[in-house]
Amino acid sequence: KNSEIHSVRKLIKTCHEIEVMDNFKKNYGHSYVASGMGDSARAVKAGAKNLVKHPGITCKNIFKGVGNLGRAFASPFRRKRKTIASSGLDLSKPGKGPAGGERRLLAYEMGIDVYSENKSIQEFLNYVARKRLMGKLPIQATVFALPGGAAFTLSLTPMGHDIGVEEFIRDNSPSDMVRKLSVKYDEKFNLKYTQKKSPIRALLDNPNYTPREQAYIWRYLNDMKGVEGVYDAVMFLSKVNSPLKANIVSGQLELLALMHQRAKVLYRFVPVRNTLGALSKDGTLCLVVSIDTVRFWGDVRKSLEASIRAAREKDAERIEIWSTGDVDAKSVDLANRLGVKVYQNILENPVFQKPRQLKEKY
């Protein structure tokens, strides 16, 4: 498999990428996806969208559809590999190379992630970018883009998607992004990239984050105006040791930023074990769990006990856990007995469904 699916959101993102490739096939007559792949992707994606608000619910149609998508992860570009390799494009560095800028522009036009871990979409971007640079594909990519797709597939919430950030990703190579983001952190938070053992250097140089995630981490931290403890938050984020964890904590930060702006006014970051939490002005320690389902195991107790210790240290009056998915009854019962309030399926709340009102300067 070329793309691992860890959550419903990941499934939707992958289906969206297959749809884009299938749209290209229909407009240009090239068989870059297997026959029927796009129809299966659309069916799975439609069903998966219904699960985003209740990710723990079983949906037989989704699992049937996923079986039909097996070929999507077997690289539909196998016969094009030799041509792509000879073009000098580096698949391991999707933002660089002779067609790096063209690839970022294509991804922006199509509403997909130029730094996607899906190898099929990377090869697709390489092929189309090379053709367009050679003048063999003059038509804009928007012809086969899927309107409105990016806001739903590239972030947890509509507000989590920002056009200013997308333009920043489009217009800058990964190295340029690091340079410009380091300046922003220095100017905004007085965190210097050049200092020894700098948390910003550790964060921006952490290979587990994609350049997209790095750009959005800055956006979300900047959204949380007035919240103290940014140094602690950056230290926590810089220590992430896997791409999956990077994706999870980026989601946590996205939801905290949204909570701060529309639900609870937060005033200090409080990292608790593998969760980035924050204290609200009403004395609540808020912890966000950005995974589809929470099932009881020993680590749940450890996390709850750690949150209680952190709450005592910060003089918090209460603890709340906000989960994007379902939490099993045993975990909820334990949390209640320890005095922790659990909110489940928070993405169904209208607060988390409102998009950004205006384009903000990035």
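Each reported figure results from applying straightforward, stated rules to the coordinates on display, with no laboratory input. Predicted model, so just to flag it, every value in this text is computed and none were measured. FYI the Cβ positions are ideal-geometry reconstructions off the backbone, even for glycines, and counts take in every protein chain you see.
What is the local net charge at Tyr193, summed over the other residues whose Cβ is closer than 12 Å to its Cβ (Lys, Arg +1; Asp, Glu -1)? Before the final figure, lay out the partial values.
Values: positive: Arg179, Lys180, Lys184, Lys192, Lys196, Lys197, Arg201; negative: Asp186, Glu187, Asp205.
Its environment carries a net charge of +4.
FRET efficiency for Glu228 and Asn336, Cβ-Cβ distance as r, R0 = 30 Å, nearest 0.05?
Working: r = 30 Å, r/R0 = 1.00.
After rounding, the FRET efficiency stands at 0.50.
What net charge is computed for the residues neighbouring Val288, neighbours being all others with C-beta under 12 Å from the C-beta of Val288, Lys and Arg scored +1, Asp and Glu -1? That sum, taken over residues with Cβ under 12 Å, equals -1. Computed from label points 7 Å out along Cα-Cβ, the spacing between Lys245 and Glu167 is 3.6 nm.
Can you flag which of Lys184/Lys281; Lys180/Lys281; Lys225/Lys302; Lys188/Lys281; Lys119/Lys245; Lys119/Lys184 are past 29 Å Cα-Cα?
Working: Lys184/Lys281 27 Å; Lys180/Lys281 33 Å; Lys225/Lys302 31 Å; Lys188/Lys281 23 Å; Lys119/Lys245 20 Å; Lys119/Lys184 32 Å.
Beyond 29 Å between Cα atoms: Lys180/Lys281; Lys225/Lys302; Lys119/Lys184.
Anisotropy class assigned to the range 193-350 is prolate, per the alpha carbon gyration tensor with a/c at or over the 1.5 cut-off and a/b larger than b/c. Take each peptide in 278-288, 342-352, 323-333, count the other Cβ atoms within 10 Å of every residue, and average; sorted highest first, the result is 278-288, 323-333, 342-352.
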